[in-house]
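The values are calculated or read from the model by the stated rules, or taken from the named source; none is laboratory data. If you're wondering where the values come from, they're calculated on a predicted model, not measured in any experiment. Cβ atoms come from the backbone with ideal geometry, glycine included; neighbour counts cover every protein chain shown. We work out accessible area using only protein heavy atoms, side chains counted, and drop any ligands, DNA or RNA first. Shrake-Rupley method; radii C 1.70, N 1.55, O 1.52, S 1.80 Å.
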Amino acid sequence: MANILGPSLSIVTAYASRNEPLFFSKFTAVGENSHSPLWFSCTRPRKSARNHFQLKSSNGLPLNAVSSNDGLAGTSLAKEDSKLQPLDGVFPLSDSECAGSNLSITVVGASGDLAKKKIFPALFALFYEDWLPENFIVFGFARTKMTNEELRNMISKTLTCRIDKRENCEDKMDQFLKRCFYHSGQYSSEEHFSELDIKLKEKEGGKLSNRLFYLSIPPNIFVDVVRCASQKASSKDGWTRVIVEKPFGRDSESSSELTKCLKQYLTEDQIFRIDHYLGKELVENLSVLRFSNLVFEPLWSRNYIRNVQIIFSEDFGTEGRGGYFDHYGIIRDIMQNHLLQILALFAMETPVSLAAEDIRNEKVKVLRSMRPLQLENVVVGQYKGHNKGGKSYPAYTDDPTVPKGSLTPTFAAAALFIDNARWDGVPFLMKAGKALHTKRAEIRVQFRHVPGNLYKRNFGTDLDKATNELVLRVQPDEAIYLKINNKVPGLGMRLDRSDLNLLFRARYPSEIPDAYERLLLDAIEGERRLFIRSDELDAAWALFTPLLKELENKKIAPELYPYGSRGPVGAHYLAARHNVRWGDLGNED
């Protein structure tokens with residue numbers, strides 16, 4: 001649970017392996033002042049022994065924690081609309097009580113790429129690691145005509161076992177596939193969902209049933225599916241939950257309308273708006289790093305931090321998906337959700353507890369404190385064709401699914417500000433783009449220059465080279481590293497910039513769970529901390545909608561940049577205007 005960076009710096013991080021709790025969110029603090037909600041659990045590893053851990057909080061006092069292997073975190077079997085009051089203490093259900101319930105997972109849009117590449121593999125990984133309850137079934141639902149065997153053959157091609165855990169892999173796959181079934185139907189047909197309900201009841205065998213629907217479908221049919229599922233295929237004696245994939249609308253108005261329509265059939269507690277970036281290991285580690293290490297929390301403010309950069313880049317273009325992408329663009333696709341969620345987690349005040357509502361309350365406060373985005377603080381770009389190394393790369397508008405003359409940005413950079421006491425005046429720079437020189441997602445925290453630095457002459461005029469920087473690399477090759485200045489060994493006084501580096505694959509050889517595994521398990525357990533609440537969504541859209549409308553109404557032409565480059569030059573001018581240099585431009589990065 002701890003990693004040593006250098007000879008004397010101990011940093012607490014969260015990590016998952018088979019014999020430890022899969023997620024930090026499953027820890028439950030035990031003590032006189034515990035604010036843990038009452039949870040009933042049937043989702044726990046059945047093979048693992050009790051695991052106890054001791055973490056140290058930022059005040060140096062021990063925080064006793066018990067892993068979810070004890071059965072202390074999990075699924076409430078109460079109906080979603082019942083209001084459970086937080087109580088001190090957590091109680092697992094007995095094996096006999098768990099044996100009387102059933103979990104039914106329906107993947108709506110089962111024939112699509114997301115279901116095949118992410119959802120079914122994530123469900124198998126949870127089954128393989130014994131995180132699913134003993135009685136569970138998986139149904140695929142889509143318009144495509146398919147038999148149970150054809151579904152199993154389709155998804156078996158994408159199932160894999162952990163690189164480091166391959167024992168009984170084939171047996172586990174066979175066991176999982178035998179629990180997978182298929183029903184073909186129209187998304188707007190109540191009759192077809194009634195038929196699905198009959199099949200579900202047949203497989204559930206009269207046991208108490210909890211039902212989870214994953215909507216892996218276009219947003220324009222969300223409401224039809226929710227209406228049919230809630231009226232014809234919801235659980236009568238357990239809970240019913242629905243996972244909704246982004247995009248959650250195109251602007252404030254469409255998002256509010258979607259929420260209003262969904263709430264005609266579901267309560268807020270039943271809606272799980274998924275943003276898979278919140279399930280990534282390093283994003284999860286952000287809060288652990290900050291709140292469990294005394295060395296960082298006192299520095300987490302305008303007094304010590306000069307700027308924060310949240311960077312997302314892909315080294316490929318739309319590649320046939322341009323029709324979908326052109327309707328949304330990079331700001332809606334990446335910045336308004338993934339990057340803004342990371343910013344809110346980074347900048348929030350210390351929550352009262354790790355409970356979902358306490359964390360989401362703090363995130364909403366951050367979003368509501370943000371200054372409205374001005375066009376002068378935004379740069380948009382679009383990649384153009386480029387020849388490199390004898391190979392020709394197409395422009396965005398060369399994609400046959402993209403309208404000719406499209407002004408949809410494939411790159412955007414923005415400077416955002418939070419008008420509160422902690423972050424007043426600190427620029428938060430975001431940039432996201434397609435067809436760039438590398439694939440990466442990272443958070444970079446650049447600290448202020450050392451006042452009256454005795455060694456500034458050793459750095460020359462470029463003090464940025466002496467800036468301490470904390471980097472959380474979300475992907476690829478998950479890592480946390482801190483850039484520091486040190487003396488090069490020798491008789492002279494020559495300074496060097498080095499990294500205190502926690503590379504996860506070196507420190508933790510086990511394969512890191514996919515974000516969808518974490519989020520699916522959280523939805524099954526009713527843990528909402530990593531899902532987006534409706535008022536959070538409203539605040540996010542309120543920030544970006546005026547900018548998006550201005551870009552579209554004024555028909556702002558995006559700055560062109562070559563496929564495979566570092567993006568438009570305007571992004572560098574934007575950073576310079578706020579006295580910032582992008583941290584991903586150095587040779588060492």
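Worth pointing out:
- Residue check for I274: under 30 Å from S235 (Cα atoms), in contact with a helix residue (DSSP H, G or I) (Cβ under 6 Å, 6 or more places away or on another chain), at pLDDT 85 or above and among the aliphatic types (A, V, I, L, M): yes
For every residue, the table says whether it meets (1) surrounded by 14 or more Cβ atoms within 10 Å (Cβ to Cβ); (2) over 18 Å from E478 (Cβ atoms); (3) not hydroxyl-bearing (S, T, Y).
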| site | (1), (2), (3) |
| --- | --- |
| V288 | yes, no, yes |
| L299 | yes, yes, yes |
| N307 | yes, yes, yes |
| S313 | yes, no, no |
| T318 | yes, yes, no |
| G322 | yes, yes, yes |
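- Residue in segment 384-391 that is open to solvent by 60 Å² or more (accessible area, probe 1.4 Å) and in contact with a strand residue (DSSP E or B) (Cβ under 6 Å, 6 or more places away or on another chain) present: yes
- The condition of being modelled with pLDDT under 90 and at negative phi holds for only one of D535, D584, that being D584.
- R528 being part of a helix (DSSP H, G or I) and open to solvent by 10 Å² or more (accessible area, probe 1.4 Å): no
- Residues satisfying the stated conditions in segment 133-143, i.e. buried (at least 24 other Cβ atoms within 10 Å of the Cβ) and among the hydrophobic types (A, V, I, L, M, F, W, C): V138, F139, F141
- Residue within segment 395-413 that is among the aromatic types (F, W, Y), within 18 Å of E314 (Cβ to Cβ) and at pLDDT 90 or above present: yes
- Test for T410: is it open to solvent by 30 Å² or more (accessible area, probe 1.4 Å) and among the β-branched types (V, I, T): no
The rows are residues; the columns are (1) open to solvent by less than 60 Å² (accessible area, probe 1.4 Å); (2) in contact with a His (Cβ under 9 Å, 6 or more places away or on another chain).
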| position | (1), (2) |
| --- | --- |
| L495 | yes, no |
| Y516 | yes, yes |
| T545 | yes, no |
| K555 | no, no |
| E559 | no, no |
| A571 | yes, no |
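- Annotation: of all residues in segment 233-282 being of a type in the set (F, W, Y) and not in a helix (DSSP H, G or I), the one that is surrounded by the fewest Cβ atoms within 10 Å (Cβ to Cβ) is Y265.
- Look at (1) farther than 28 Å from G279 by Cα; (2) at pLDDT below 80; (3) in a loop (DSSP other than H, G, I, E, B) and you find that E511 fails only one, number (1).
- Residue among A506, A515, A539 that alone is farther than 17 Å from V474 by Cα and among the aliphatic types (A, V, I, L, M): A539
- Only residues that are open to solvent by less than 50 Å² (accessible area, probe 1.4 Å) and out of contact with any Cys (no Cβ under 8 Å at 6 or more places or on another chain) were counted across segment 184-221, and they come to 18.
- Qualifying residue in segment 458-475 (condition: charged (D, E, K, R), in contact with a strand residue (DSSP E or B) (Cβ under 9 Å, 6 or more places away or on another chain), open to solvent by 40 Å² or more (accessible area, probe 1.4 Å) and part of a strand (DSSP E or B)): yes
For (1) in contact (Cβ under 8 Å) with a residue 40 or more places away in the chain; (2) outside any helix (DSSP H, G or I); (3) under 16 Å from D174 (Cα atoms), each residue gets a yes or a no:
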position: F127; (1), (2), (3): yes, no, yes
position: W131; (1), (2), (3): yes, yes, no
position: F141; (1), (2), (3): yes, yes, no
position: M146; (1), (2), (3): no, yes, no
position: E149; (1), (2), (3): no, no, yes
position: R152; (1), (2), (3): no, no, yes
position: L159; (1), (2), (3): no, yes, yes
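- So D584, is it within 30 Å of K483 (Cα to Cα), assigned to a helix (DSSP H, G or I) and open to solvent by less than 20 Å² (accessible area, probe 1.4 Å): yes
- Flag for A576 being outside any strand (DSSP E or B), under 30 Å from K388 (Cα atoms) and open to solvent by 40 Å² or more (accessible area, probe 1.4 Å): yes
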